[in-house]
Each structure stands twice: as C-alpha cells, then as structure tokens.
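What follows draws every value from the coordinates through simple rules; no lab data is involved. In this text, all values refer to a predicted model and were calculated from it rather than measured experimentally. Please note: Cβ atoms are built from the backbone with ideal geometry, for glycine as well, and neighbour counts cover all protein chains shown.
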Amino acid sequence: MRSALVTLLILAAWTAAPDGAGQSPAARPSTPPRSTTPPRSTTPPRPPAEERLEVPPPPFTDGVFPCSACHAGMPVNRTRRELTEMHTDIVLKHDAEHRWCLDCHDAANRDQLHLASGEPVAFEQSYVLCGQCHGEKLRDWRAGVHGRRTGDWNGHKRYLLCANCHNPHQPRFKAIAPKPAPKKPTPPGKQLGGQMY
C-alpha cells in the first residue's frame, strides 16, 4: 500500500510540473521553453582580411610591354616552335619538354597571364601563377623566407615578384664557383709565422 501511495505522489508531481514538462510530447505546447543563453548567430564568420601584397612593377624589357601593341592584330599560333621572328632572345628552360609560351601567357589578352584553370592573372600577381607549380616556394615567399620582403613585422609588407629575381623562362640561377674555406682563427698566445698573437 505504501508503494502505491509513493507512485501516486510521483505521478501527481510529474503531471503538475510547470510549462507542461510532465505532459506527454503530444500534449506539450508547441513553443520551445525559454533559454537563458543568447541565440547563436546564423551568419558564417567572416574570413580574415586578405593581407595586402604590395609588389613593384614587373621587370619588363624596355619596349616589350604592353604586349598587345604588337600582338593585337596577330593570329594566335599555338604551335611549339623555336621563335625566329621576335623574342629570339627567349630560350625556354622551364620544364621545356612540357611547357610552351601560351601555358602562362594569355592568348586572348596578351597583356596578362592565365592560370591552368584559364583564370586571367595580371603580371603584378604573377606569384599566383608561379605558385600553381611551386606551392612550397609561394608559401615561403608569403612568409618572407624565400625572396625579399620588407616592411613591418606584423603589418604592411612589400614583396619582390618571382620575376624580380628569377627569369621566368629560365628560373634556375647560374651556378657560381665555390670560394675556398675560411682560415681558422689563431687562438690568443699562439705563435704564427714567428710572431706571438
């Protein structure tokens, strides 16, 4: 009898709970219970602001840019070949067995470059083009480890373009002859060539 009384009291307390907490799910009101925490924003967080990359003008050969000055009326010739009429000073030694001029230079607008996707890229942003194949160098360049970067440590920076140091058609630096190793310093108090140091 005692257990029946306890069960009855628990049942009565459960059905008399405020806000319908003790009611069956079908009998509960459709409004959600009040929350003391503020609602979360449904807008996605903003991406961090892009770092402004200031670069000097590309190092064009005098009289060569804008390319459209000469190429505007020319038909596009996509055939891999040795250049014999113009640009004869350019020898492609940059993955030459797989690359050709129009892999980087845009055929439709000669005053810009293009990515592998076909997206146009200004010459001032050529580092994006180079970074497609040389991703680790682009990462290091942005961090200031590769190439030359000046400016504030945690602020505005100025970068040199890849083409300011590397010829884009022959990017590998010429080998230089190694210098002899430095001479070991003589410890104080040792005699060298008849003199005391």
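Some values worked out for this structure:
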item	result
Proxy reagent accessibility, fewest Cβ within 10 Å first, across Trp153, Trp141, Trp100	Trp153, Trp100, Trp141
Cβ-based net charge around Gly73, under 15 Å, with every Lys or Arg adding one and every Asp or Glu removing one	-1
Least to most buried among Arg99, Arg80 (fewest other Cβ within 10 Å first)	Arg80, Arg99
Exposure proxy ranking, count of Cβ atoms within 10 Å, fewest first, for Thr186, Thr61	Thr61, Thr186
Ratio of the Cα radius of gyration of the range 64-165 to 2.2 N^0.38 Å, where N counts its residues	1.24
Cα-Cα over 30 Å, subset of Lys137/Lys179; Lys93/Lys137; Lys93/Lys179; Lys157/Lys179	Lys157/Lys179
